[in-house]
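The values are calculated or read from the model by the stated rules, or taken from the named source; none is laboratory data. The model shown is predicted, which means the values in this text are computed figures rather than measured ones. A quick note on method: Cβ atoms are made from the backbone with ideal geometry, for glycine too, and the neighbour counts reach across all protein chains shown. Accessible surface areas use protein heavy atoms only, side chains included; no ligands, DNA or RNA. Shrake-Rupley method; radii C 1.70, N 1.55, O 1.52, S 1.80 Å.
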Amino acid sequence: MRKHPIILLAAVILFPNPSFSQFIDVNEQTLSLVSRSDGTKLTHQLTETVSLQTSEAGSDVGTQLLIPSSAHTSSFTSLLVVLNLGSQTNNVRITAKRPDGSTLGIINTSIPVGGSFRSQDVLGQMGAALGEFGPITVESTNGVSLSAVSEVSSSQGPGGFFPGINTSSAALEVILAEIVDTGNAGGPGTFRTNIGINSVNNTPADVTITALNSSGSLIGSTTRTVPANGLVQINNVLRELLNSAGAVTGQNGYLKFSSNHPIIVWASKIENVTGDPSFQVGIRIDKSVQAWGIGVFKGEINQSNIFIPIPFWISLAGGSIGSVYGLWGGGGDGVGPGGGEYRLVSLSDNLITLSSTVTFGGALTGTTTLQPQDNDTLQYNYSSGTGVTSSGILRRAQ
């Protein structure tokens, strides 16, 4: 089984106020912030970051996973298996969506320690009408780790597996490395490729798709808008991008996807005689934000209602829109300590926007933006929405 890179960080930051200290405790799965002044502790899952990532069958674990597509049609059904990987009962909500993002059905279940949930036809179990299809979200409602996989089957037998993909691995820039179009259904020794694009939050995603050949030359492009929490599928994708009017293009190459909101991309390469598919999950390549937007940073900030610099740190672990992205803390020299969580509002290659929540201390909630000066230095800006602002330069902790 392939293991993804894991961030291993540890930092101790002692502020001038001797009655207060904060520290970050990081292991392979969790990151914690502790206020020694009152014992408050925040903990959240680390996400996979800092390098090119792929999502392979069996390799994604988390508390919210996406099955990119499922079906309940006259030709196909989808088996779903969910495993409890935690040390306590896992309360799981399984939600199926239509391509337009509307809810198709929900199953709530509790999985015991070491146990699993299995449905031979999960959409049928939800009461879906014949012909329905779409993505499935598998979420632990009590924050316990799980894994999931779906198998697509037809009357001729199993067709292939869709892995449960951690939604935090959704990205703005993605590639599909193998796309081919050499024949129609029934043509011996030929293949065709269908693709899917999933939006993983409550905002539609505007996506540009470009096709390139082995020389790196552009051979076609198109755009699509993926509904919030929905799915766009494009069959015979090279014919679409090359405007071939449905004719076989005889081309192969790869696809690049650029989106204004995080997406998960996948492909089904189909053997034209047997109809057997092989599934490919997109590789995220928006590594520039991963290079500067992950890690522990510290420094001093100046705040509009306080007349001395404030020691301050942030710890960024990554995440999807709306999820916990990191932690923050500050205080000392007569300034009361405060700390809390960041949730991701938006991100790009040169800007992360976060909403801050307060877990302890007298700080204010508000909006934070981070801009890279280089991979180890961030420009920090904050606004409370009530007139309080702060700013400063934060540097990566060594």
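In region 61-200, inverting the average of 1/r over every pair of distinct C-alpha atoms gives 16.1 Å as the Kirkwood radius. Simple spin-label estimate for SER383 and SER102 gives 3.8 nm between the two label positions (7 Å along the Cα-to-Cβ direction from each Cα). For a quick check of understanding: with a 1.4 angstrom probe and all protein chains in place, what accessible area in square angstrom does PHE162 have, to the nearest ten? Roll a 1.4 Å probe over it and PHE162 shows about 10 Å². Convex hull volume of the C-alpha atoms in region 182-236, normalised per residue: 98 Å³. Ordered by 1.4 Å accessible area with all protein chains kept, ARG396, ARG284, ARG93 run largest first as ARG93, ARG396, ARG284.
Compare the peptides 110-122, 258-270 by average per-residue count of other Cβ atoms within 10 angstrom and give them in order, highest first.
In decreasing order of mean packing, 110-122, 258-270 become 258-270, 110-122.
Ranked from largest to smallest solvent-accessible area, with a 1.4 Å probe on the protein heavy atoms, ILE67, ILE285 come out as ILE285, ILE67. Annotation: extensible slack from ASP276 through THR141 equals 45.0 nm (criterion: 0.36 nm per residue apart, minus Cα-Cα distance). With a simple spin-label model that places each label point 7 Å from the Cα along the Cα-to-Cβ direction, the separation between SER348 and ASN252 comes to 3.7 nm. Listed peptides 130-138, 273-281, 84-92 appear in the order 130-138, 84-92, 273-281 once ranked by packing, highest mean of other Cβ atoms within 10 Å at the front.
Accessible area of GLU139 (1.4 Å probe, protein heavy atoms only, ligands and nucleic acids ignored): about 60 Å². Taking label points 7 Å from Cα along the Cα-to-Cβ direction, ILE219 and ASP374 give a separation of 4.1 nm.
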